[in-house]
Amino acid sequence: MINVAILGYGVVGSGVAEVLDKNSERIARNAGREIILKRILDVRDFPGSPYESLFIKDFDLIANDPEIQVVVETIGGTDVAFEFTSRCLEAGKSVVTSNKELVAARGHELLRLAGLKGVNYLFEASVGGGIPIIRPVAQCMAANKINEIYGIINGTTNYILTEMGTKGAEFSAALSDAQKKGYAEADPATDIKGLDACRKLCILSSLAFGRHIYPEQVPTEGIENVTADDMRFAASLGCKIKLLGRVRDVGGKAAAYVAPHLVGKDNLLANVDGVMNGIVVRGNAVGDVMFYGAGAGKMPTASAVAADVVDAVKHIHLRKLLSWEEGGEDAATDPSLLESSWYIRTDVTGEKATREFGEVIFADWADGGQTAFKTAVMNEKKVRELIGRGVPALSLFRVLGDY
């Protein structure tokens, strides 16, 4: 029998408790022993909860309890969560988390501490919700050199862009709809500005390239400037607009960024709509492998956390080979040097655009004196140089696959 504690009884924490309870027999069979939820830490009271007798407010009752061997951290953030995680690892307890912000910012430190203490720090649920992605990259593709990872890794922005593309809605209306349906927070900044996607991409990049890639090393652009006009122009170019997190190998360094892209309708990612996520991993032996599914939500995320609990119990006296080295300026390189085609929406004439950019592909749809086109392959420095010659970009997005 193994005792487990949960830190934080929010959406994910409550889902984990429910999964551990509802699927207890199957979980015990897969883990090889019974798993008992002993404590739940939260500053709030939950009268009437089926787990009411398990709630405590004193973290020390968990940290100092030798019978608790696995701790689930679903507090979020990087302050209290880091302190509590560190103390649990120091006390010889394995920690499982869905906290992408903490893993992206301080994952190397916590993985190193776990290694020193002979326990495990597991975070499958930090990327892609219920989609298995951490284990496949770390284990199933261990014989591959990872050349590139890219994909839709934020369900909120994908829902908004899907609504804009299918219904012709402007950004503000699509965001309001997402909030009403519970897909977007009252303060949606973390999602719509690309910060959530950035953190997830940092985790995948660190795992794939073996050194910690920090959020400040990943240029990040959100979707606030995408318009209904852009959607219509993109459609006439045979594309959809998706917010992608993307990292490529450039001389052994990670070139990572988050930004809106035009994605051709024949690309599998173009059909990843609504709140779903889709992630492509390109290995030098296996080629492209795509992971698709629910990237967020209470039960999908709780499912991934509970699976990590099972893994931690199965490896209660063993170390999982899941880690990366310390990061630094030399771990990453400038993604603006990557080449691709570019989508430009402008209010100058097609003749002027052609004169500055040379041969381009124009969108068929036009409105209000605006036009849009797709450029030849070039890097960001070059495209901005050409824009500076008198073709102001009302929108400027990369085109996926044209490089």
For this session: Figure the gain on full extension for VAL43 and ALA235 (residue separation times 0.36 nm, minus the Cα-Cα span) and round it to one decimal in nm.
Result: 64.2 nm
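So, R0 is 60 Å and r is the distance between the beta-carbons of PHE362 and ARG26; what FRET efficiency does that work out to, to 0.05?
After rounding to 0.05, the efficiency reads 0.60.
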Problem set entry | Rounded tilt (10° steps) of 80-90 against the dominant C-alpha axis of the chain | 50 degrees
Exercise. What Kirkwood hydrodynamic radius do you get for the chain when you take the inverse of the mean 1/r over all pairs of distinct Cα atoms, in Å?
Worked result: 22.3 Å
For this session: Would you mind calculating the relative contact order of the chain from Cα pairs under 8 angstrom and at least 6 residues apart, reporting the percent as a whole number?
Result: 18 percent
For this session: List, in order, the whole-Hz ³J(HN,Hα) value for each residue of the range 272-280 obtained from phi through the Karplus relation with A = 6.51, B = -1.76, C = 1.60 and θ = phi - 60°; use x for Gly and Pro.
Result: 8, 10, x, 8, 6, 10, x, 10, 10
Exercise. Relative to the present Cα-Cα distance, how much length would full extension add between LEU61 and GLU339 at 0.36 nm per residue of separation?
Worked result: 94.7 nm
Problem set entry | Solvent-accessible area, 1.4 Å probe, carbon plus sulfur percent, for the chain | 49 percent
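Taking Rh as the Kirkwood radius computed over C-alpha pairs, what is the Stokes-Einstein D of the range 221-379 at 20 °C in a medium of viscosity 1.002 mPa s, expressed in µm² per second?
Estimated via Stokes-Einstein, D reaches 112 µm²/s.
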Problem set entry | Pair-distance profile P(r), taking every C-alpha pair of the range 23-75, with 5 angstrom steps and integer % | 4, 17, 23, 23, 18, 12, 3
Problem set entry | Spatial separation of Cα centroids for the range 294-323 and the range 3-40, in angstrom | 11 Å
Exercise. Amide H to amide H under 5 Å from GLY274: which residues, 5+ apart in sequence or cross-chain, H placed 1.01 Å off N in plane?
Worked result: THR162
Exercise. Using a 1.4 angstrom probe with every protein chain in place, what is the largest-first accessible-area order of HIS261, HIS108?
Worked result: HIS108, HIS261
Seminar exercise, completed: Descending packing, highest mean Cβ count within 10 Å first, for 25-35, 64-74, 87-97 is 87-97, 64-74, 25-35
Exercise. Given H placed 1.01 Å from N in the peptide plane, which residues other than close sequence neighbours of LEU244 have an amide H under 5 Å from its amide H?
Worked result: ALA259, HIS261
Exercise. ³J(HN,Hα) across the range 2-12 via Karplus (A = 6.51, B = -1.76, C = 1.60, θ = phi - 60°), whole Hz, x for Gly/Pro?
Worked result: 10, 8, 10, 10, 10, 9, x, 10, x, 4, 6
For this session: Per residue, how big is the convex hull around the C-alpha atoms of the range 337-403? Give it to me in cubic angstrom, could you?
Result: 75 Å³
For this session: Could you sort 273-283, 388-398, 246-256, 203-213 so that the peptide with the highest average Cβ count within 10 Å comes first and the rest follow in order?
Result: 203-213, 273-283, 246-256, 388-398
Problem set entry | Unit charges on C-beta of K, R, D, E only; dipole of the range 265-403, Debye | 240 debye
Exercise. Under 5 Å between amide H atoms, partner at least 5 residues away or on a different chain: which partners does LEU37 have, H built in plane at 1.01 Å?
Worked result: VAL4
Exercise. Hey, what's the range 1-85 come to in accessible area per residue, 1.4 Å probe, Å²?
Worked result: 50 Å²
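With each run of n ≥ 4 DSSP H residues scored as -39500 (n - 2.57), what mean residue ellipticity at 222 nm is computed for the chain after dividing by its residue count and rounding to the nearest 500 deg cm²/dmol?
-10000 deg cm²/dmol
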Exercise. How high is the FRET efficiency from THR354 to VAL377, r the C-beta distance, R0 22 Å, rounded to 0.05?
Worked result: 0.85
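Quickly rank 121-130, 328-337 as a protection proxy: mean count of other C-beta atoms within 10 Å, highest first.
121-130, 328-337
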For this session: Find the centroid of the Cα atoms in the range 360-402 and in the range 124-198, then give the distance between the two in whole Å.
Result: 25 Å
For this session: May I ask for the angle, rounded to the nearest 10°, between helix 195-209 and the longest principal axis of the chain, with both axes built from Cα atoms and the value confined to 0 to 90°?
Result: 80 degrees
Exercise. Where does the range 132-180 land on the Kirkwood hydrodynamic radius, alpha-carbon pairs, in angstrom?
Worked result: 13.2 Å
For this session: Please turn the phi angles of the range 148-164 into ³J(HN,Hα) values with the Karplus equation 6.51 cos²θ - 1.76 cosθ + 1.60 (θ = phi - 60°), one per residue in order, whole Hz, x for glycine and proline.
Result: 6, 10, 8, x, 8, 10, 9, x, 5, 5, 5, 5, 4, 5, 5, 5, 5
Problem set entry | Accessible area per residue in Å² at 1.4 Å probe, computed on the range 106-245 | 35 Å²
Exercise. Relative to the longest principal axis of the chain, what angle (0 to 90°, nearest 10) does the C-alpha long axis of helix 171-180 take?
Worked result: 20 degrees
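The values are calculated or read from the model by the stated rules, or taken from the named source; none is laboratory data. Just so you know, these numbers come straight off a predicted model, no measurement behind them. Here the Cβ is made from the backbone with ideal geometry for all residues, glycine too, and neighbour counts use every protein chain on show. These area figures cover heavy atoms from the full protein model, side chains too; ligands, DNA and RNA do not enter into them. Shrake-Rupley method; radii C 1.70, N 1.55, O 1.52, S 1.80 Å.
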